[in-house]
Amino acid sequence: MNSSNSSHPSNPDRFELQHGSTSAPINLEKLPGLYIHIPFCKSKCDYCDFYSVTTSTSIPDFIDALIEEMRMYRELFKSFDTVYFGGGTPSILPLIQIERILNAVRMNVNLLPDTEITMEANPGDLDLGYLTSLRNLGVNRLNIGVQSFNKGILKFLGRRHSVRQAVSAIEDARKAGFSNLGLDLIYGVPGQDKALWLETLNQAVDFEPEHLSCYQLTVEPHTPLGKRYAQGKFSLPSEDLQYEFFMMTSEALEGAGYVHYEVSNFCRGMAFASRHNQKYWDHTPYLGLGPAAHSFLTNQRWWNHRSVDRYHSAIERGEKPVEEAEILSLEQLQLEAFYLGLRTKKGICVRDYSTKYFRDILAEKGKSFAELQRRELVVLENGFVHPTRAGLALSDSLALI
Ligand code: SF4
């Protein structure tokens, strides 16, 4: 997170929320989301840049710390309508520990009756018994990290699950009663041509998931994949080819009845859009618990230690495990809202933008929008500026206008 224009509390370990530093009414009318980061994986995938460890830190001790951290925020965050278990690999947790977390959540905060409770899961961890219990604990949305239905691609990515395990995880999830099921897929993998990607996409669609996330492979330098790339062991698809993959994915999934509602996300009708993730895109507050988790409230963002040990030490000292915090200026919030809005199909509501961020974007960017409209990258209609499919593909550069 760029924090060059932001102020930092001098001692983040003693982090306290700063008051009254903006006049922008940033979505306080919407209920916050609760994110819980489970920082454990059985093994690291070759491309992974998320914070997780494979050491056998005691899971029960970690859950104790997590519950303690939750209590520290009781006064600040009182009600939620989404809970999201991310990681790492949340499905590594024994059911008893998931139950402990959810009991603690229900005891410490108010969860709305129709709260969306999502869990990310690795196909290799799932069986019918586990999934049925998960559903009975109140988890009502499951996101399975399938990534590919091709054995060679899974091997290239260093995933520990097999195609067969992915298929039976999906089938078992349905049998267990999950009626809001998401699958994560990756494209743009070396060795994966368009036909191979389309095969995976079609197989995914055959299961009729309510949600699909299709991510383009990014190669981070410090990952095993990044090192292999630096050694010249493989090449990545050109920008033109990446664009073609993106357009093909969007066309195929919209043709199959999905709404392409964000750059990487598709849903079978907006009722199945991720309620939790949408909070990240419109400055709704969220609380992140666990190592490396980020939080946002009004105009402040803070994030926890990216280390299980430092996280535990802070909790043991009775301190919030915050590594760093920033106060976002109104200008930073405006820029973020602009950038994030152009990554969604809904786009930017001109009137809301002016109410929340005190700027008339049509007056400021009217000429640029007209040019983008001429190039069929955005459409201005009914008070919204929203990207076309080609605009979504190029949303990073749209935001630079
Ligand atoms: S399972 Fe997920 S979090 Fe864990 S190493 Fe693989 S990609 Fe990263």
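The values are calculated or read from the model by the stated rules, or taken from the named source; none is laboratory data. No experiment lies behind these values; they were computed from the predicted model shown. Cβ placement follows ideal geometry from the backbone for every residue including glycine, while neighbour counts extend to all protein chains displayed. For accessibility, only protein heavy atoms count, side chains too; no ligands or nucleic acids. Shrake-Rupley method; radii C 1.70, N 1.55, O 1.52, S 1.80 Å.
Over the chain, what relative contact order in percent results from Cα pairs under 8 Å that are six or more residues apart?
19 percent
Please compute the per residue accessible area over the chain with all protein chains in place, 1.4 Å probe, rounded to a whole number of Å². Intermediate results must be reported in sequence, preceding the final value.
Numbers: 17700 Å² over 401 residues.
Normalised by residue count, the accessible surface of the chain is 44 Å².
Please get the size of the charge dipole for the chain, origin at its Cα centre, with Cβ charges of +1 on Lys and Arg and -1 on Asp and Glu, quoted in debye to the nearest 20.
260 debye
Using alpha-carbon pairs under 8 Å, 6+ residues apart, how would you state the relative contact order of the stretch 175-324 in percent?
Values: 172 pairs, mean separation 24.0, N = 150.
Computed over the stretch 175-324, the figure is 16 percent.
Over 5 Å intervals from 0, what percent of Cα-Cα pairs in the stretch 129-202 sits in each interval?
Spelled out bin by bin, the stretch 129-202 gives 3, 16, 26, 20, 15, 11, 7, 3, 0 percent.
Rounded to a whole number of µm²/s, how large is the Stokes-Einstein D of the stretch 93-163 at 37 °C and 0.692 mPa s, given Rh as the Kirkwood radius over C-alpha pairs?
Stokes-Einstein gives a translational diffusion coefficient of 237 µm²/s.
Find the percent of Cα-Cα distances in the stretch 89-131 that exceed 13 Å, and round it to a whole number.
Counting pairs separated by more than 13 Å, the tail of P(r) holds 61 percent.
Would you mind computing Rg(Cα) / (2.2 N^0.38 Å) for the stretch 242-401, counting N as its residues?
1.22
Quick one: Cα centre-to-centre distance for the stretch 131-160 and the stretch 44-73, in angstrom?
19 Å
With no solvent and one equal point scatterer placed on each C-alpha of the stretch 207-279, evaluate the Debye formula and give log10 I(q)/I(0) for q = 0.11, 0.14, 0.23, 0.26 Å⁻¹, two decimals.
-0.39, -0.59, -0.97, -1.09
With the cut-off at 1.5 for a/c, could you classify the stretch 246-318 from its C-alpha gyration tensor as rounded, prolate or oblate?
Verdict is prolate for the stretch 246-318.
What does the highest-first list of 243-249, 145-151 look like by mean Cβ count within 10 Å? Before the final figure, lay out the partial values.
Values: 243-249: 17.9, 145-151: 21.9.
In descending order of packing, they fall as 145-151, 243-249.
What Kirkwood hydrodynamic radius, in Å, does the stretch 147-281 give when the mean of 1/r is taken over all pairs of distinct Cα atoms and then inverted?
15.9 Å
How big is the stretch 27-69 in terms of Cα radius of gyration and Dmax, in angstroms?
Cα radius of gyration and Dmax of the stretch 27-69 are 14.3, 41 Å respectively.
Could you state, as a whole-number percent, how many of the C-alpha pairs of the chain are farther apart than 31 Å?
It works out to 41 percent of all Cα pairs.
Given axes a ≥ b ≥ c from the Cα gyration tensor, I'd like to know whether the stretch 350-401 is rounded (a/c under 1.5), prolate (a/b larger than b/c) or oblate.
Since a/c reaches 1.5 and a/b is larger than b/c, the shape of the stretch 350-401 is classed as prolate.
Once every Cα of the stretch 182-244 carries one equal point scatterer and solvent is ignored, give the base-10 log of I(q)/I(0) from the Debye formula at q = 0.21, 0.23, 0.26 Å⁻¹, two decimals.
The calculated log intensity ratios at q = 0.21, 0.23, 0.26 Å⁻¹ are -0.91, -1.00, -1.12.
Give me the percent relative contact order of the stretch 260-339, please, defined on Cα pairs under 8 angstrom at least 6 residues apart.
The normalised contact order for the stretch 260-339 reaches 20 percent.
Quick check: at a probe of 1.4 Å, how many percent of the accessible area of the stretch 164-304 sits on carbon and sulfur atoms?
Working: 2820 of 5570 Å².
Ligands and nucleic acids excluded, carbon and sulfur reach 51 percent.
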